[in-house]
Structures are given as structure tokens and as C-alpha cells.
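A quick write-up on the structure given underneath.
Rule-based calculations on the coordinates, nothing more; no lab input. Because the structure is predicted, anything quoted here is derived from the model rather than measured. Please note: Cβ atoms are built from the backbone with ideal geometry, for glycine as well, and neighbour counts cover all protein chains shown.
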Amino acid sequence: MSTSTVGSATPQVTAREKVMGRAVYAGDIKQAGMLHAKVLRSPYPHARIVHIDTAAARALRGVRLVLTGEDTPSRLWGTHRKEQRILAAGVVRHVGEEVAAVVAVDEETARDALDLIRVEYEELPAIFSPDAALADGAAELHPGTRNIAHEMHIERGDVEAGFARAAVVYEATYDMHSQYPGYLEPMATVAAQDGNGRLTVWASTQSVFLARARLAEALDRPVSTIRVIQAVTGGGFGAKIVEESNSLIAALLATRLDRPVRLVNNRLEDFLGARSSVPARVWLKMGLDAQGMIVAKDVNIVAECGAYAGLAGDVMHVSAMRSDNMHRLENVRSNAVLAYTNNPPRGAFRGFGGQQMQFPLNSHLTMLAEMLGMDPIEVHKRNAIRSGDTSVHGWKIGSSGLVQCLEQAREA
């Protein structure tokens, strides 16, 4: 009897609990003595924080704690570049950046307390496009970066010689805008610290171990003192993997109070606090020979990470090179740059950079096939990498079902 799951329907392990309405999401968790938190966000894309007056908020009945950036650990966190505090200190770099947090006996009191916090800002010039960020003399969001968060230059083979022997050549520019992930459940966290100083965090997360490591870094404490539990998660699509600030803020507040703290974004707060996809402008030039084989591929990518780099550099890396490994290529050139702007931070989102290149690539191959008078699927199949091949970037392909996938798609 076969135990393989291939070709058979496998029910989701949480399906019954979900359809019966019994699934417990992070926002549903209740702890004895639990308090509720809300976050004050910047209304400006770029500004210096001159002064924050929290006296009235602290005095409101039912408020248990008010924190600003000056109350957070000075250690910076980030997936690669260490750039952020848990709450902004000194400067805000995008609309929606977290400036202060309030903990109260209920959400309504916490929300009322936010209205009592007075923040004096000094607005600074803001940059909203990669072109403006990369222009000569542009103000730097992060000193010493020239507004470049990541840069790549790859060349394999002889691209110009490849184009010289092409039967058809096509070039075009494609613009992919940023997309909010749109999961049904906004980000939610419950955090509690016990009498032994161990912190437990229930979160709507996609990776408990990445979340734990990031909490240890941001809170400046040993990872062994933190436990992360993934609650039933109402969608993530990459945006809940490791970059959101919700769980960091809830955890910090819980450690300061030694009381459980619940922090749940409403939809507007999630629009401001979530990582949307990395927008990119892709210039692509490709050449095919008379048999429909790709003889040269030239790519230029200008992408944007927003105010903080996060995983956007990894996303752009995928856009710049991973699709090359789908095809039997010899001549490839790829240049890519990721720019800081005063837009909200970008990050992981479905396909992790694949979509930013697949749309241009598939559009291109269709145009080139038409120029040759060939069937686009036949062109895809002729160029598809096979099991046992080694790609232009040195990837040894142990298994590939791309040709079969194309054939099945045509049949369907």
C-alpha cells in the first residue's frame, strides 16, 4: 500500500477547527490579568521627533504604561542591516512608523490615551521614488548608504556575442507596484513573562524560530529565555515571517509590566504596519535564435525597500537571478539596485521576488515567440531546464518538472 500523498487530497490539519469556529487565533487568546495595548504612529513620512509629552496619557484612568522610543533598548534590529528600534527614536522615516505604545485595562482606554499624547515633529524632506533616492546629491535616509540598501552585478558568458547571433531581439520595461498581502487576520500578539523571567509570545507568525531570534535581538536578551508559539494563523503570505513590529512591541510591554499584554492591529493599522511587496522596475532585453533558443538575456532592476531594508534585498536577489535557473542559458547579465525611500518598508510576499521577474520574462518570451512565428509554450519547453542539467549559475538540477507542467497546463 502506497503511503505517498502525491495525487491525493490531504485535508488541512486545522480545517475542522476553523469551519466549526473553534480555532483560537492570537487575538482570541485570553490570559489572567491581561492588559491591552495600542500604538501611536507617525503621520509624517520623514520628520525629527523634537518632543513627546505623555503626561496626560499616563494620567488617564486605566492606563498602566506608556513607552516611547527613548524607553526601548538601544540595540538595533533587522534581518540583515541593523537599522530599527522597537519604537522610533529621534527620527521617523515613514508614515505609520511606531512612535509610542500605550497599555491599559481595555482597548478603548488605550485608544483614548493615544489621543492624549502630544508629539512635536520637525518635518524633513521626503523621498518617495527610487529615482529620487538614487539621484546625485539626494539626502540620505541612513547615513553612509547613498540610499542603496543592496546592489548586484552578475555576468555569465558573452551577452553581446549572444545578441549578435540572435534571429530576434526584444526589449521592454515593466513596472510592478507594491501590494498589501491582504490576509484575513490582521497581525496579533499576546505576550507574557512569568516569575522566572521567561517570556512566552503567542503570535500570528510564519516562523517561530526566526521570530524568537529577532525578539532576542531587539529586546537584547538571551534567546533561551524566550518561547514563541504560533497560534492558528489567518494567512501570512510572507508578510508575517519575521519583519512585523507588532510582536516586538507586545513583548517589550509585557516584560516591563510583568503582565500579559495583547496587541491586535485593526485593518488600517495593519495597512500601515505590514510589509507589502517589493515594487520593481525591470528593463529586460532578450534574444532568440531561429530555433527559439535563448541566446542572450540582459536585465536591469531598480527596486525599492522603503524606509528599512529588511528582507527586500533577498527578494530582489531572487528577481535578479533565480529565474535564470529555469532555462538552458549561456549568456546572462543582471544588474540590480535596491533603494531606500520614505515609503513604508517592503518585504516578503508570495513568491519572494519570483513574481517581479516572471511577469516580464513570460511576457517577453511570448512576444519573441510571435516574432519567430512559434507557439509560446513550445519556446518555453525548448528552453526549459531538465533534470541532471547544471544551470548558468551553477545550480545542479536534481529534479525538474517544468516541461511536464507546461504540457499539463496546455491540456487543462
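Observations
- Spread over its residues, the convex hull of the C-alpha atoms of the range 324-398 is 138 Å³ per residue.
- Local net charge near GLN206, Cβ-Cβ under 11 Å (Lys/Arg +1, Asp/Glu -1): -1
- Against the chain, whose longest principal axis is taken from its Cα atoms, helix 402-411 shows a tilt of about 90°.
- GNM top mover of LEU365, LEU184, LEU215 - the chain, alpha-carbon springs below 10 Å: LEU184
- Nearest-ten-degree value, helix 107-116 long axis tilted from longest Cα axis of the chain: 90
- Percent RCO, i.e. relative contact order, over the range 253-412, from Cα pairs under 8 Å lying at least 6 residues apart: 23
- Annotation for THR5 and ALA409: the two label points, set 7 Å from Cα along the Cα-Cβ direction, are 2.5 nm apart.
- Mean-square fluctuations from a GNM of the chain, with a 10 angstrom spring cutoff on Cα atoms, peak among GLU83, GLU70, GLU378 at GLU378.
- Between GLY354, GLN408, VAL264, the Cα set farthest toward the positive side of the dipole of the range 262-412 (charges on each charged residue's Cβ, about the Cα centre) is that of VAL264.
- Relative protection proxy for 244-256, 20-32, from highest mean packing down: 244-256, 20-32 (other beta-carbon atoms within 10 angstrom).
- Cα extents of the range 159-231 along the three principal axes, largest first (Å): 73, 30, 16
- Mean Cβ neighbour count within 10 Å, used as a protection proxy, ranking 169-175, 272-278 highest first: 272-278, 169-175
- In degrees, nearest ten, helix 208-219 long axis to first principal axis of the chain (Cα): 50
- Seen from ALA101, the other residues with C-beta closer than 15 Å to its C-beta sum to a net charge of 0, counting Lys and Arg as +1 and Asp and Glu as -1.
- Rel. contact order, % - alpha carbon contacts under 8 angstrom, at least six apart, the chain: 19
- Each Lys and Arg Cβ is given +1 and each Asp and Glu Cβ -1; about its Cα centre, the range 289-412 then shows a dipole of about 280 debye.
- Cα-based radius of gyration for the chain, normalised by 2.2 N^0.38 Å, reads 1.14.
- Legend: translational diffusion of the range 281-340 by Stokes-Einstein, Rh = Kirkwood radius over C-alpha pairs, 20 °C, 1.002 mPa s; D = 170 µm²/s.
- Peptides 4-10, 264-270, ordered by how many other C-beta atoms sit within 10 Å of their residues on average, highest first, read 264-270, 4-10.
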